[in-house]
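Since the structure comes first, as structure tokens, the remarks are kept for the end.
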Amino acid sequence: MVAGTIIGASIFVQPSEIARHLASPGAIMLAWAACGLLTLFGALVCAEFASAFPQTGGFYVFMRDTFSPFAGFLWGWAMFWSMHSGIVAAIAVVFARYTAFFFPVGDLGIRAIAVTAIAALTALNYVGVRAGSRVQTAFTIAKLVAIAAIVILGFALPHPAVTPAANALAPATGSAREFLLALVAGLFAFGGWHMVTYTAGETQMPTRTIPFALLAGVGIVTVAYVALNLVYLRVLPLDAVRSSTRIAADAADALVGRGGSAVLAALVMVSSIGGLTGIVLTGPRVYFSMAQDGLAPRWLGFVHPQYRTPSRAILAQGAWSAVLAATGAYRQLFTRVIYTEWLFFAMMAAGLFLLRRRPDYRPAYRTPLYPFVPIVFIVASLAIVVNQFVSEPLEAAIGLGIVALGAPIYYHLRHAHH
């Protein structure tokens with residue numbers, strides 16, 4: 001679930017964004033390795049929380065029990081109305097656009113395909129967590145095999161016109177600010193690593209399974225991303241890597257000729273639907289947990305008597321995500337609010353210092369290299385938030401305002417609950 005959720009469409013686009021900020025192949029590879037390490041630091045912190053609070057809802061529960069129900073509510077509020085549902089809509093649209101490569105349709109057809117994909121995966125997860133996880137496992141294996149094939153071909157086939165891979169690790173150059181901007185772009189490609197914690201209540205031995213899943217999943221993704229970028233740099237000139245709007249397709253064309261684009265389109269479809277399966281599965285567990293606490297409409301806390309799933313929460317997420325995909329409204333909501341999750345990530349890591357002072361705090365897993373790991377992760381998370389405000393102050397302020405709109409709703413729900 002961790003590997004399948006992280007590896008979506010970003011790795012087939014985002015490398016060009018990183019390359020534009022950096023001056024050498026060595027700097028590019030260093031940036032990807034640093035992104036993997038920072039994501040691992042976040043996973044190490046999250047693993048300790050998951051072992052201490054192995055309950056359905058994951059990150060929401062961490063915020064609720066470490067800080068306050070208000071902090072947990074704001075996370076869930078932003079998730080439903082923008083962050084999580086927006087991701088579902090965005091990936092569904094990516095899947096639909098690449099489907100249109102094989103079956104040409106207009107904009108209306110792309111939106112219809114996206115809505116159909118959301119409906120199908122919503123139905124799949126409605127009938128059980130096991131069915132959804134099996135489908136995601138199959139798609140994750142398929143895309144990892146495809147990535148491995150690209151990497152093997154990339155290093156097996158000769159490309160004399162391009163700088164050899166051995167020189168791709170030349171000394172890095174470029175300003176510290178540009179390197180930070182590259183890290184920000186790269187970290188978004190690692191997004192979704194924390195979502196496995198949402199299903200803790202339905203996981204066997206969660207205090208052991210989820211920490212292992214976090215560490216192993218992030219490790220698999222980091223190796224895949226670093227290997228893919230080495231291939232990109234080997235088969236394409238650095239200028240082409242920087243300017244490409246479809247770097248993976250260009251690399252595939254260079255490897256196997258004109259048919260590479262079709263191969264890549266199929267891979268993006270598989271990758272997108274695999275990541276989407278896990279995202280559709282995890283989100284409703286947060287809304288279910290919130291409803292159990294009286295911080296969301298009570299009907300979202302319903303458990304299906306036969307399938308034992310939070311069926312109404314699944315349907316609510318599917319309906320809102322379909323609306324966002326059909327109208328295209330996810331674009332502004334998602335781009336404005338997505339950076340705020342890093343503010344919550346910084347809070348989570350800071351909460352570790354609070355929890356370790358509690359005499360009754362006994363997690364089954366403890367973050368190694370404490371306090372170095374959480375401090376570095378806090379700095380990285382805050383750097384993303386600050387960068388967003390510096391680069392797009394108005395959009396960032398609007399995004400933070402959308403999250404803050406949850407405050408009056410929270411106090412109304414608390415009053416009604418009491």
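Extension gain for Ala138 to Ala34 (0.36 nm times residue separation, less C-alpha to C-alpha distance): 34.5 nm.
Would you give the gap between the C-alpha center of segment 116-149 and the C-alpha center of segment 290-320, rounded to a whole Å? Here the answer is 21 Å between Cα centres. When the Cα convex hull of segment 1-65 is projected onto planes of every orientation, the mean area is 5.6 nm². Each peptide in 104-111, 363-370, 229-236 was scored by the mean count of other Cβ atoms within 10 Å over its residues; highest first, the order is 229-236, 363-370, 104-111. Segment 370-395 and segment 196-237 have Cα centres lying 22 Å from one another. Each of the peptides 134-141, 398-405, 78-85, 386-393 was scored by the mean count of other Cβ atoms within 10 Å over its residues; in descending order, highest first, they stand as 78-85, 134-141, 398-405, 386-393.
Evaluate the charge dipole of the chain about its Cα centre and quote only its size in Debye, nearest 20, assuming +1 on the Cβ of each Lys and Arg and -1 on the Cβ of each Asp and Glu.
Working: 25 positive and 14 negative charges, 143 e Å.
Around 680 debye, computed over the chain.
On a per residue basis, the convex hull of the C-alpha atoms belonging to segment 38-145 measures out at 153 Å³. A P(r) calculated from all alpha carbon pairs of segment 101-144, with 10 Å bins opening at zero, reads 25, 36, 33, 6 percent.
In the chain, helical runs assigned H by DSSP with n ≥ 4 each contribute -39500 (n - 2.57); averaged across all residues and rounded to the nearest 500, the mean residue ellipticity at 222 nm is -23500 deg cm²/dmol. Which residue, chosen from Leu236, Met195, Ile220, occupies the Cα position most advanced towards the positive end of the dipole of segment 169-319, where the dipole is computed from +1 (Lys, Arg) and -1 (Asp, Glu) charges on Cβ about the Cα centre? It is Met195. Peptide packing: for 269-282, 59-72, the average count of neighbouring Cβ atoms within 10 Å per residue gives the ranking 269-282, 59-72, highest mean first.
List the DSSP H helices in the chain whose Cα atoms stretch 15 Å or more along the helix axis and whose mean Kyte-Doolittle hydropathy is at least -0.5. In the chain, the long hydrophobic H runs are 25-52, 84-99, 107-126, 129-156, 176-189, 206-235, 260-292, 311-327, 340-355, 372-391, 393-404. Net charge around Pro104, counting only other residues with Cβ within less than 15 Å of its Cβ (Lys, Arg = +1; Asp, Glu = -1)? After counting each charged neighbour, the total is +1.
Every number in this text was worked out from the coordinates using simple rules, so none of it is lab data. Quantities reported herein were computed from a predicted structural model and do not represent experimental measurements. Please note: Cβ atoms are built from the backbone with ideal geometry, for glycine as well, and neighbour counts cover all protein chains shown.
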